[in-house]
Every structure is written in structure tokens, then in C-alpha cells.
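Visitor: Okay, here's the structure, questions in a sec.
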Amino acid sequence: MTADQQVAPATPARRRSRRDEILEIAVGLFATRGYHGVSMDDIGAAAGVTGPALYHHFAGKEAMLVAALIPVSEKLLAGGRERTGAHGASPGDALAALVEFHVDFALANPAVIALQLHELDRLPDESRRQIRRLQRLYVEEWVSTLTGLRPELSPNEARVLAHAAFGLMNSTPFLGGEVDRQRRADLLRAATLAALQGDRSAEVGKAYR
């Protein structure tokens, strides 16, 4: 093997900062106890950090929520766009990729999902508007994929289905550990795809006429 052919050494993974560790602890406490059930002293005690050192990293609980939720919303949007914009991907392939991406995220981040569901209104107005905007853009990636796959759907109808799918996939904070992670992922992906693809051989609601 020549020098040009030698494999470059792998880039080491970024080491988690103390700030990241504190934020993860705070998110877990918020998710289990609720935002108002957790004080800065609670977070400091759980993280083994004194008050002044804790405030060196975060101005307060609101700052922690902002630091947890805005990057998550940005990551979801970027991941959604990456999958819908894949070169040559059919709408069906794009939908499967979106579902797999979101299920994996939800299973890996149950505490963040719980914060998104229950604590978003605790944020300052500007941060909340920013997150809502990112979330709307993420939803539209699903809407455009669904209407491409199912042209009988209007954008508003596709939006209803997308939000229903999020409800299904985001149920992870409420799932126990009785089923292993891989099986949960398989079940959630299959159920979500079935709900979104639907029965395209008949109009929804004919059975009720």
C-alpha cells in the first residue's frame, strides 16, 4: 500500500462538554418532574455543580429549555430535508426514510420529546416562535412527500396525517421497557407507514355512508 493509499485515521468523536452533561441532566429532570417541579438547585445537586458554576453555563431554567429545544428542532428539519432531497428518491422511499429518521430520533431522545410536548410554552416568546417556525417547516417536508405519494390528498389533509404520525412516533416517552428497542422501532415504523400510506383503493369514509 502506497502512502497515498493509506487510510486516514478516524476523526475522534467530540468529547461531551460539562455544559452538555448539565443540559442532559436538566432535560431529564424537566421531563420527569415538570418544569415547575425542578429548581436550579435541584439541577446543580444532580449534576454535582455549585450554584455559581451552574450559572456560568446557563442563565437559568429558560436558557436550558432554549438550549435543549432549538437545536433539536433545527436537527429535525435538517434531517427531514436531507431525506426528502435525496437524489432519485421516490416519494415512497422518501416517506420510509422520514419515518425511520423520526422513529430513531424519538427512541433516542424520549426526554426531549416530552419537553416538546409539555414544556414549549415555558419559553420566551421569541424562542417559542422560532421553534414553531422550524416545526412548521419540518411538517411541510412530510406534507410534500405525502402529496407526492398520494395525489388524492390535499395539503391540508396530508398535514392532518403528518401530525397524527408524529403523535404515534412521539409516544416513546410513555412506552415501558417491556419490548426491546429494536422491536419497538420496527413496530413504530410499520404502524406509522401503514397509517400514512392508507388504503388508496378506496376513498376514506365510504364505509360510513
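The values are calculated or read from the model by the stated rules, or taken from the named source; none is laboratory data. This structure is a prediction, so every number in the text was calculated from the model and none was measured. FYI the Cβ positions are ideal-geometry reconstructions off the backbone, even for glycines, and counts take in every protein chain you see. Keep in mind that these areas ignore ligands, DNA and RNA; they rest on the heavy atoms of the full protein, side chains included. Shrake-Rupley method; radii C 1.70, N 1.55, O 1.52, S 1.80 Å.
Visitor: Express in Å², to the nearest 10, the accessible area of Leu134 obtained by rolling a 1.4 Å probe over the protein heavy atoms while all chains stay in place.
Guide: 20
Visitor: Quick one: among Pro110, Pro124, Pro52, which has the greatest mean-square fluctuation in a GNM of the chain with alpha-carbon springs under 10 angstrom?
Guide: Fluctuation is largest for Pro52.
Visitor: Here is a further query. Expressed in whole Å with the largest first, what are the equivalent ellipsoid semi-axes of the stretch 5-156 derived from the C-alpha gyration tensor as the square root of 5 times each eigenvalue? Mind dumping the intermediate values first?
Guide: On the way: eigenvalues 230, 98, 29 Å².
The answer is 34, 22, 12 Å, longest axis first.
Visitor: I've got another one for you. At His36 and His118, where each label point lies 7 Å from the Cα along Cα→Cβ, what is the point-to-point distance in nanometres?
Guide: According to this spin-label approximation, the distance is 1.3 nm.
Visitor: How big is D, in µm² s⁻¹, for the stretch 113-175 by Stokes-Einstein at 25 °C and 0.890 mPa s if Rh is the Kirkwood radius over C-alpha pairs? Numbers along the way, then the final one.
Guide: Working: Rh = 13.0 Å.
Taking Rh from Cα pairs, D becomes 189 µm²/s.
Visitor: Sticking with this one: Excluding ligands and nucleic acids, what accessible area in Å² is computed for Ser154 using a 1.4 Å probe, to the nearest 10?
Guide: Near enough 50 Å² of accessible area.
Visitor: Expressed in nm to one decimal, what extension gain is obtained for the pair Asp20 and Ser90 from 0.36 nm per residue of sequence separation less their Cα-Cα distance?
Guide: 21.4 nm
Visitor: Within the chain, which whole H helices from DSSP have a Cα span along their axis of at least 15 Å and a mean Kyte-Doolittle hydropathy of 0.0 or more, if any?
Guide: Span-like helices, by this rule, are 18-33, 61-84, 91-108, 155-169.
Visitor: Could you look at the chain and say what percent of its accessible area is carbon and sulfur, using a 1.4 Å probe and all protein chains? Can you show the working numbers first?
Guide: Working: 6510 of 12320 Å².
Roughly 53 percent, rounded to a whole number.
Visitor: What number, in percent, do you get for the relative contact order of the chain if the mean sequence gap of Cα pairs under 8 Å and at least 6 apart is divided by its residue count?
Guide: 21
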